[in-house]
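Everything below concerns the one structure shown next.
Just so you know, all these numbers are worked out from the coordinates, no wet-lab data involved. Treat the numbers as computed from the prediction; the structure is a model and nothing was measured. Heads up, the Cβs are rebuilt from the backbone with ideal geometry, glycines too, and the neighbour counts pull from every protein chain shown.
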Amino acid sequence: MNEDTNAIIRAYLVAQTALTDVVDQKIFIPRLPENTVLPAIGFFTRGGTSHPYIPGLLSPSVQFDCWADDPIEAREVYRALYDVLQGIQNQTVTVGGADYSILSAIEEVQGQDLVDSDIQGYFRTLTFFSIMIRAEA
């Protein structure tokens with residue numbers, strides 16, 4: 001199975017108005033494009049596990065960077081992301097005409113507030129989630 005877990009997760013996130021009310025559609029894989037107007041989210045699958053005896057089941061570990069112009073707003077982006085992901089179960093997402101179920105999402109590491117030393121005025125809250133996804137037949 002070679003499913004694009006990033007596309008599946010993004011499809012779920014952009015459908016969550018509690019999150020898009022904060023970042024609009026600015027949810028990017030794997031990083032923010034240059035000169036992105038903040039706030040925004042960048043994310044990518046950093047690893048995880050597959051289940052060879054259960055075809056169509058993946059458990060990616062995903063890094064999320066919640067970006068903003070100040071640390072308080074970065075934390076607000078993180079809280080909105082947390083609220084739409086933490087503890088979800090059995091959410092159906094359609095990508096490219098195929099259906100997927102996000103069976104669960106559990107935060108692995110609580111949000112860490114960081115300052116970008118290379119780009120002045122960019123603040124982020126970093127978090128990691130384990131997300132279980134199943135391809136539907």
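Tabulated data
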item	result
Rounded Å value of the spacing that divides the Cα centres of segment 54-103 and segment 1-50	8
Most mobile of Ser104, Ser117, Ser61 in a GNM of the chain (Cα contacts under 10 Å)	Ser117
Cut-off of 10 Å, at most 14 other beta carbons, DSSP loop: longest stretch of the chain lacking such GluC sites (Glu not before Pro)	35-135
Fluctuation leader among Val14, Val23, Val77 - the chain, Gaussian network, Cα springs under 10 angstrom	Val14
Positive-end residue, the chain charge dipole about Cα centroid, Cβ charges, pick of Leu13, Ala80, Ser50	Ser50
Normalised contact order of segment 1-84, rounded percent, pairs of Cα under 8 Å and 6 or more residues apart	27
Between helix 5-14 and the chain: long-axis angle, C-alpha atoms, 0 to 90°, nearest 10	60
Kirkwood Rh and Cα Rg combined as Rg over Rh, evaluated for segment 1-106	0.98
